[in-house]
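Structure, as structure tokens:
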Amino acid sequence: SHHPESPTDNILCLTSECRKRAAAKHLIERYYHQLTEGCGNESCSNSWCASSVGFNRMDNNAAAVKALELYKVNAKLCDPHPSKKGTASAYLESNAHSNSACSNRKLNHKDVNSVRDNFKDVNYLTEEKVYEILEICGEKEDYSPLIRVIGRVFSSAEGLVQSFRKSKPHTKEELKSLQGKDEDKDEDEKEAAACSATAMEEDSPTSSSSRLGEGSSGENDVQKLAPDEVSVDIEAVRRVYERLLSNEKIEAAFLNALVYLSPNVECDLTYHNVYSRDPNYLNLFVIVMENSNLHSPEYLEIALPQFCKAMSKLPLAAQAKLARLWAHYSAEQIRRMVETFQQLITYKVISNEFNSRNLVNDDDAVVAATKCLKIIYYANVLGGDLDVEHNEEEDEEPIPESSELTLQELLGEERRNKKGPRVDPLETELGIRTNDCRRPLVPFEEFVNEPLNEVLEMDKDYTFFKVETENKFSFMTCPFILNAVTKNLGLYYDNRIRMYSERRITVLYSLVQGQQLNPYLRLKVRRDHIIDDALVRLEMIAMENPADLKKQLYVEFEGEQGVDEGGVSKEFFQLVVEEIFNPDIGMFTYDEGTKLFWFNPSSFENEGQYTLIGIVLGLAIYNNCILDVHFPMVVYRKLMGKKGTFRDLADANPVLYQSLKELLEYEGNVEDDMMITFQISQTDLFGNPLMYDLRENGDKIPVTNENRKEFVAQYADYMLNKSVEKQFKAFRRGFHMVTNESPLKYLFRPEEIELLICGSRNLDFLALEETTEYDGGYNRDSRIIKEFWETLHSFGEEQKRLFLQFTTGTDRAPVGGLGKLKMIIAKNGPDTDRLPTSHTCFNVLLLPEYSSKEKLRERLLKAITYAKGFGML
């Protein structure tokens, strides 16, 4: 009978696994040496050996890839030829872990022995030690001792953790005595002292697990370190790499050592909980990540994937500490780390055939590198321009959940996860949100990996995201790596699944209570009373059963035939938006300069109207429809929970921003020269001035050089938050009624939310031409169609926007570009003087067959220029 495995079995099995890996690694190295250096036998017949006749030399990268291939097919390995003593010792050195050290000595009974033995007891490194060994090696022109020491220290977790420590600050007396002593000492004594220090510091090498806990050098009293501080001297590490990486042979030692190190570190973190016993364990990751060669090709195959796996096993507190530390790095250094992981992900994606049967989610290396990238992502946010204050208050009254819980409970239907929106655990640990960052060190776009987005099966990924199983990774948990199109697809699945679950619940009701079935959110409206009808209906739904807003929208215009397959709802959205943003209604004010709308502070409309437009924005995202609305970015920031600040005035109210900026930068005496007080005046709808005190008795408080910052902050706060608080809260409430349970906030940044609602400003008309379909006798080879595209491509930017507005009802492209638009050009009779017309709800252009290109151009331009409210069917 089989006993259940004990944890020791597990670890034993792991160590044998590590041994297997080490053996494989050793063989691959031998193939690599054979390809680069050869075996030394002039008459070698092995075609994969550099010593054989007619062998084509290859560079190191090619050799590394080839070595792996040879290992896979178990190709022939030469034995090193006696003439090639140096290489033979190199083979054995790289294998020092499996051969005992004495076999090394047998080969070299000469004087080198004395150099080599000197460093046997060096189990960890300091900057000085490295340079000292380097110097001795330089004199002898034999770098193998240094290579061996690096191999030993960099492949041992304990050795590396102890290395390159910051020196403790000495007292003045100590410093004096040290300087005095140092001057009389000669080199030998210094070395002897260093060796004895090493010997003192290194206890007898007992097993690693017991050692790491106790901290052999007494330097593990970590309490003194700040949350963003480590005990390793990063500058020293950088200098050491700088000097050593220029030497090719030494460079290889780092690579080989990392291959040995990583599986053991992964093992330590997974089974031995090392970080919590010795927080200095983190030094190892800091040191390895400083290696500027990590993203060179030879690391991609084995070393880097294994290291990423180890790093992804770090506990949350350790990841947070790394993020805090790296937040102090320069944009250049952050970018190098981003590129390191991105390159690995891209390499794995390109060299594998991922599809729905072979999911990229199951590739350990890609998943591990993505998890590592997350640490850098948060370092990038933390190190950027942060604003952790200025958060919008949550809604006072919670959004009503439907009252019909009892039935679901009867039917065992759990009403949606009550967990509320997701928050990334690392975000919680660090106490920041992506939205707190105004400008990261490196643009967010650099974290997106396009090749990964192309092979990601979003339906599967979404399922892993929802189910949150231990063994399945979802890239939606790392939204920074996904582009807007992919995230939009994730949102689409989320919305559809909600729509289905609402539909299913509705069916259950009708069975149990005999109610009639209504699986859709049905809106029946009269064209000429569209706002009133929609408002009344949506308000009723919002009060009685807000869950109905999560159903698929289905619009009917009274007295009209038309099955809503998306076109009618699109028209409904267009009409509502047009009506609500109509300046005559006075809900929003329009700024001619910026072409943007803003809430009207002195609006007479009731809050319901604002709630309605909020619901409409939510429904548009929910039903995958883009709207022709033009808000400044601050509206989307506010929807995502950040208040408007002075910086947001730059696009919301550029004129005011400019004058406040001049006030801040004014070099003279503000009080005497400008004579402003803490009372400001606004004009209401009818052009009457309204006074507002930013502080109590504001008209008596002059703005001075000392308090001008406060004045500017309060002015901006009044304009963007206080003056429109009532209107905005109602608007946000409507928006959240539809989106409160969707992963919207978790996945998207404010600028991406704008993209979801309004579409993209980047217009690629070639993509549109590729995907356009034809009807009524036209095809892509018809004369008039060719002339049409030539004409359209010759239009200026503004004319192209007008054309889009005319044909589709908005001058922007949907998420993913114009290629996603599905436009149809249909024939509308023979040559005529009539203008082209359009069905904006279906993106259809009705084009008569004009007799000449000139006429086509003239008629088309006329149609799109005069079309506002005319010619749209």
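The values are calculated or read from the model by the stated rules, or taken from the named source; none is laboratory data. Every value quoted in this text rests on a predicted model; they were computed, and no experiment measured them. For neighbour counting, all protein chains shown are included, and Cβ atoms are generated from backbone atoms with ideal geometry for every residue, glycine included. For accessibility, only protein heavy atoms count, side chains too; no ligands or nucleic acids. Shrake-Rupley method; radii C 1.70, N 1.55, O 1.52, S 1.80 Å.
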If you take the residues in the stretch 783-801 that are of a type outside the set (Val, Ile, Thr) and open to solvent by less than 20 Å² (accessible area, probe 1.4 Å), which one is farthest from Phe842 (Cα to Cα)? Phe795
Across (1) among the charged types (D, E, K, R); (2) touching a helix residue (DSSP H, G or I) at 6+ places or on another chain (Cβ under 6 Å); (3) modelled with pLDDT of 95 or more, Arg324 clears everything bar (2)
Quick check on the stretch 473-492. Is at least one of its residues open to solvent by 30 Å² or more (accessible area, probe 1.4 Å), free of Cβ contacts under 8 Å to residues at least 12 places away in the same chain and over 12 Å from the mean Cα position of the chain (by Cα)? no
Looking only at the stretch 661-693, which residues are in contact with a helix residue (DSSP H, G or I) (Cβ under 9 Å, 6 or more places away or on another chain), surrounded by 11 or more Cβ atoms within 10 Å (Cβ to Cβ) and either of a type in the set (Gly, Ala, Ser) or under 30 Å from Asp584 (Cα atoms) (or both)? Gln679, Ile680, Gln682, Tyr692, Asp693
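The rows are residues; the columns are (1) open to solvent by less than 80 Å² (accessible area, probe 1.4 Å); (2) assigned to a helix (DSSP H, G or I); (3) in contact with a helix residue (DSSP H, G or I) (Cβ under 7 Å, 6 or more places away or on another chain); (4) modelled with pLDDT of 80 or more.
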{"site": "Thr8", "(1), (2), (3), (4)": "no, yes, no, no"}
{"site": "Arg19", "(1), (2), (3), (4)": "no, yes, no, no"}
{"site": "Leu35", "(1), (2), (3), (4)": "yes, yes, yes, yes"}
{"site": "Leu68", "(1), (2), (3), (4)": "yes, yes, yes, yes"}
{"site": "Asp79", "(1), (2), (3), (4)": "no, no, no, no"}
{"site": "Leu92", "(1), (2), (3), (4)": "yes, yes, yes, no"}
{"site": "Ser98", "(1), (2), (3), (4)": "no, no, yes, no"}
{"site": "Asn104", "(1), (2), (3), (4)": "yes, yes, yes, no"}
Residue list for the stretch 540-551, restricted to those being at pLDDT below 85 and either in contact with a Leu (Cβ under 9 Å, 6 or more places away or on another chain) or not in a loop (DSSP other than H, G, I, E, B) (or both): Ala542, Met543, Glu544, Pro546, Ala547, Asp548, Lys550, Lys551
Tally the residues that are over 24 Å from Thr739 (Cα atoms) and over 37 Å from the mean Cα position of the chain (by Cα), restricting the search to the stretch 542-600. 12
Residues of the stretch 798-832 satisfying the condition of being charged (D, E, K, R) and touching a residue at least 12 places away in the same chain (Cβ under 8 Å): Lys800, Arg801, Asp811, Arg812, Lys820, Lys822, Lys827, Asp831
Within the stretch 684-698, is even one residue modelled with pLDDT under 95, among the basic types (Lys, Arg) and in contact with a Ser or Thr (Cβ under 8 Å, 6 or more places away or on another chain)? no
Could you list, in sequence order, all residues of the stretch 533-573 that are small (Gly, Ala, Ser) and surrounded by fewer than 18 Cβ atoms within 10 Å (Cβ to Cβ)? Gly559, Gly562, Gly566, Gly567
Across the stretch 255-284, the tally of residues that are open to solvent by less than 20 Å² (accessible area, probe 1.4 Å) and part of a loop (DSSP other than H, G, I, E, B) stands at 1
For the stretch 773-801 the number of residues that are under 17 Å from Lys855 (Cα atoms) and assigned to a loop (DSSP other than H, G, I, E, B) is 2
If you take the residues in the stretch 749-774 that are surrounded by 13 or more Cβ atoms within 10 Å (Cβ to Cβ) and of a type in the set (Asp, Glu), which one is nearest to Asp811 (Cα to Cα)? Asp764
Log entry, pairs with first residue in the stretch 584-597 being at positive phi, second being open to solvent by 70 Å² or more (accessible area, probe 1.4 Å) and part of a loop (DSSP other than H, G, I, E, B), beta carbons closer than 7 Å, six or more apart or on different chains, reads Gly586/Phe604; Gly586/Leu685
Would you say Gly776 is closer than 30 Å to Gln682 by Cα and of a type in the set (Gly, Ala, Ser)? no
Residue pairs, Cβ under 7 Å, 6 or more apart or interchain, first in the stretch 321-334 and part of a loop (DSSP other than H, G, I, E, B), second among the small types (Gly, Ala, Ser) and open to solvent by 20 Å² or more (accessible area, probe 1.4 Å). List them. Ala327/Gly383; His328/Gly383; Tyr329/Gly383
Just one of (1) part of a loop (DSSP other than H, G, I, E, B); (2) on the phi < 0 side of the Ramachandran plot trips up Gly687, so point out which. (2)
Sort out for me the helices (runs of 4 or more DSSP H) sitting completely within the stretch 429-535 that have 1 or more residues that are modelled with pLDDT under 90 and among the β-branched types (Val, Ile, Thr). 458-467, 484-513
Could you check, for the stretch 351-366, whether at least one of its residues is under 23 Å from Arg243 (Cβ atoms), open to solvent by less than 20 Å² (accessible area, probe 1.4 Å), not in a helix (DSSP H, G or I) and not hydroxyl-bearing (Ser, Thr, Tyr)? no
What residue, of Glu710, Glu725, is out of contact with any Asp or Glu (no Cβ under 9 Å at 6 or more places or on another chain) and under 30 Å from Arg422 (Cβ atoms)? Glu725
Unique residue being in a loop (DSSP other than H, G, I, E, B) and either within 30 Å of Lys729 (Cα to Cα) or in contact with a strand residue (DSSP E or B) (Cβ under 9 Å, 6 or more places away or on another chain) (or both) when the list is Glu671, Glu667, Glu696: Glu696
Can you give me the number of residues within the stretch 52-66 that are part of a helix (DSSP H, G or I) and either in contact with a Cys (Cβ under 8 Å, 6 or more places away or on another chain) or basic (Lys, Arg) (or both)? 1
Among the residues of the stretch 288-298, is there at least one that is within 19 Å of the chain's Cα centre (by Cα), in a helix (DSSP H, G or I) and at pLDDT 95 or above? no
